[in-house]
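To start, the structure itself, in structure tokens.
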Amino acid sequence: MTGCGQSPEPRICTAIAVDAMTVTVTDAATGQRICDAAVTATDGAFSADLRPFPSGPECSYSGPTERAGRYEVRVTRSGYETAVRRDVTVTADECHVIPVLLSFALRPL
């Protein structure tokens with residue numbers, strides 16, 4: 001017999017890789033997505049540039065893959081003020097990270 005909330009069988013994890021965060025970047029004045037920004041996630045000595053995907057008007061940025069942590073996320077693009085969000089916490093269960101969705105609205109200079 002198992003205790004309350006416990007499964008009698010081990011959890012089966014999928015073989016997919018999950019990114020810790022997905023970031024959407026827009027122009028604060030127009031609401032249009034910005035697809036050529038630099039998005040960096042830093043956790044202590046670890047730093048990763050998030051990958052843009054897909055190209056076109058629905059672009060976002062994604063990464064780092066399967067890495068929980070407490071991040072500072074920085075978004076830069078020429079002609080815009082830099083945007084920073086601190087204390088972005090990504091957790092994980094026994095299989096994968098739990099993705100965090102973030103949005104940044106950059107203000108033109």
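Would you check which residues across the range 95-109 are under 14 Å from residue 20 (Cα atoms) and either part of a loop (DSSP other than H, G, I, E, B) or of a type in the set (Phe, Trp, Tyr) (or both) and list them? Across the range 95-109, the qualifying residues are 95, 96, 98, 99.
Does the range 85-92 include one or more residues that are over 21 Å from residue 31 (Cα atoms), touching a residue at least 60 places away in the same chain (Cβ under 8 Å) and within 11 Å of the chain's Cα centre (by Cα)? Yes; the residues of the range 85-92 include at least one that is over 21 Å from residue 31 (Cα atoms), touching a residue at least 60 places away in the same chain (Cβ under 8 Å) and within 11 Å of the chain's Cα centre (by Cα). Can you tell me which residue is nearest to residue 58 (Cα to Cα) among those in the range 14-24 that are touching a Ser or Thr at 6+ places or on another chain (Cβ under 8 Å) and hydrophobic (A, V, I, L, M, F, W, C)? Here the answer is 23. Within the span defined as the range 83-94, every residue fails to be in a loop (DSSP other than H, G, I, E, B) and more than 30 Å from residue 12 (Cα to Cα).
Within the range 10-47, the set of residues being among the charged types (D, E, K, R), assigned to a loop (DSSP other than H, G, I, E, B) and more than 21 Å from residue 81 (Cβ to Cβ) comprises 11 only.
Residue selection: residue 67 satisfies the criterion of being surrounded by 13 or more Cβ atoms within 10 Å (Cβ to Cβ) and outside any strand (DSSP E or B).
Residue pairs whose Cβ atoms lie under 8 Å apart, sitting 6 or more positions apart in sequence or on different chains, and linking a residue in the range 36-55 that is at pLDDT 95 or above to a partner that is acidic (Asp, Glu) and surrounded by fewer than 18 Cβ atoms within 10 Å (Cβ to Cβ), are 38/49; 39/49; 40/49; 41/72; 42/72; 43/72.
Taking the condition of a type outside the set (Val, Ile, Thr), under 21 Å from residue 45 (Cβ atoms), surrounded by fewer than 17 Cβ atoms within 10 Å (Cβ to Cβ) and in contact with an Asp or Glu (Cβ under 6 Å, 6 or more places away or on another chain), does residue 107 pass?
Answer is no for this residue.
Cβ-Cβ distances below 8 Å connect the following pairs, each with a first residue in the range 93-105 that is in contact (Cβ under 8 Å) with a residue 40 or more places away in the chain and under 12 Å from residue 63 (Cβ atoms), a second residue that is surrounded by 12 or more Cβ atoms within 10 Å (Cβ to Cβ) and of a type in the set (Asp, Glu), and a separation of six or more residues or different chains: 97/19; 97/66; 99/19.
The values are calculated or read from the model by the stated rules, or taken from the named source; none is laboratory data. Keep in mind it's a predicted model, so treat the numbers as computed, not measured. Note that each Cβ is placed from the backbone with ideal geometry, even for glycine, and that neighbours are counted across all protein chains shown.
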